[in-house]
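Trainee: Questions regarding the structure given below will be posed in turn.
The values are calculated or read from the model by the stated rules, or taken from the named source; none is laboratory data. Because the structure is predicted, anything quoted here is derived from the model rather than measured. Every residue, glycine among them, receives a Cβ derived from its backbone with ideal geometry; neighbour counts consider all protein chains shown.
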Amino acid sequence: MKKIIATVLAMVMALALCTTAFAATTETKVDKTGYSLLKVEDNSTVTIEGDEFSKTVTDAKVVTSGSKTTTTYYADKYVITVANVATPFYACDAAIATHKLVKGTTVVFLTTADLSAGTEKVATAFVEAKKAADQKCGDVTADAYTIEGKNYVAGGTNFAVLNGKFVTYGAESTTVDHKFTKAEAKTSGYFTTDTKGVVNTVKCETCEKSFNVVDKVDKTYTGSVVTTTAFGGTQYILTGTATATPAGSTTTTSPKTFDAGIAMYVGMALTSVAGSAVVIGKKKEF
């Protein structure tokens, strides 16, 4: 019996390392008086049937497993009866709205797209594309959202949250390319070489920035790359600066913080496991 109890305690302590904060949901009934539901495309009125509609707010769900935390965000849901059908609408950014719920000077943008699954993606910025004539090297060629350090084209089938509102995005955005025509033609001033005469940097003729040229791209490098064969063999122009640290590695510049709470759970789990081992070694049981 002791063996069973000790083993169960060990399992409980181990499971304590994985925690989930379940999303709290609150539904309220709203008197429709003073509200207007309009189509975004032409501001035409959509009749709200009945005396009220419902609004459901779901808090973000946070799941922690070991040192990894994942947060899922949910859009506010409005169920409004339209043409005898209880229709779900979801709060969103104006950019993807199909409808808007207006009361006085307050407007809530809504979409009929199903956002019930929520999203873990957070957009940190909206990047507006410049006019073609004003675009410079590295500028996005179309409006985009910045997500996890990269720009993705605005619009599409994927969902992200920007300033608390849902937006859509598509593939990774394209940018205005650097031009290395003069460098590849070995025009003086647009390239440099090492002591062996091997080209090691090139200069963009548009923005006049210089970039390293390598024979092999380091595996930790995650930035943009331009492939060239102009200098004999295949080489790579590193036009970005991003690098990544392999998982499990440690760095001296960004030490990981110590979580005393997690350590406590680990210690308790190990203690219970040790207790289980001791009990197993005993011959006498309940």
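Trainee: Give the residue, chosen from Val153, Val176, that is farther than 19 Å from Ala95 by Cα, in contact with a Gly (Cβ under 8 Å, 6 or more places away or on another chain) and surrounded by 13 or more Cβ atoms within 10 Å (Cβ to Cβ).
Mentor: Values: Val153 fails: farther than 19 Å from Ala95 by Cα.
Step by step, each of Val153, Val176 is checked, and only Val176 is farther than 19 Å from Ala95 by Cα, in contact with a Gly (Cβ under 8 Å, 6 or more places away or on another chain) and surrounded by 13 or more Cβ atoms within 10 Å (Cβ to Cβ).
Trainee: On to the next question. Say we look at region 142-197 and pick out the residues that are assigned to a loop (DSSP other than H, G, I, E, B) and β-branched (Val, Ile, Thr); which of these is farthest from the chain's Cα centre (by Cα)?
Mentor: Residues of region 142-197 assigned to a loop (DSSP other than H, G, I, E, B): 142-143, 148-149, 163-164, 173-174, 176-180, 185-190, 194-197.
Add one more test, that the residue is β-branched (Val, Ile, Thr), and what stays is 174, 176, 187, 195.
Details: Thr174: 18, Val176: 24, Thr187: 42, Thr195: 44 Å.
By that ranking, first place goes to Thr195.
Trainee: Hey, another quick one. Just name the residue that is surrounded by the fewest Cβ atoms within 10 Å (Cβ to Cβ) out of those in region 121-143 that are over 26 Å from Phe159 (Cα atoms) and of a type outside the set (Lys, Arg).
Mentor: Ala133
Trainee: Now for a different question. Need pairs with beta-carbon distance below 7 Å; first residue more than 18 Å from Thr106 (Cα to Cα) and within region 23-49, second basic (Lys, Arg); sequence gap 6+ or separate chains.
Mentor: Final answer for the pair search is Ala23/Lys61; Thr28/Lys55.
Trainee: Let me ask something additional. Give just the number: which of (1) over 30 Å from Ile80 (Cβ atoms); (2) outside any strand (DSSP E or B) does Ala125 not satisfy?
Mentor: Every condition holds for Ala125 apart from (2).
Trainee: If the Cβ limit is 6 Å and pairs must be 6+ apart or interchain, which residue in region 105-125 that is touching a residue at least 24 places away in the same chain (Cβ under 8 Å) and closer than 15 Å to Val167 by Cβ pairs with which residue that is charged (D, E, K, R) and surrounded by 14 or more Cβ atoms within 10 Å (Cβ to Cβ)?
Mentor: That search, which allows pairs on different chains as well, returns Phe109/Lys100.
Trainee: Just to check your reading of the model, which residue among Ala6, Ala94 is modelled with pLDDT under 95 and either out of contact with any Cys (no Cβ under 8 Å at 6 or more places or on another chain) or loosely packed, with under 14 Cβ neighbours inside 10 Å (or both)? If you could, list the steps in order and put the result at the bottom.
Mentor: Numbers: Ala94 fails: modelled with pLDDT under 95.
Checking each option against the conditions leaves just Ala6.
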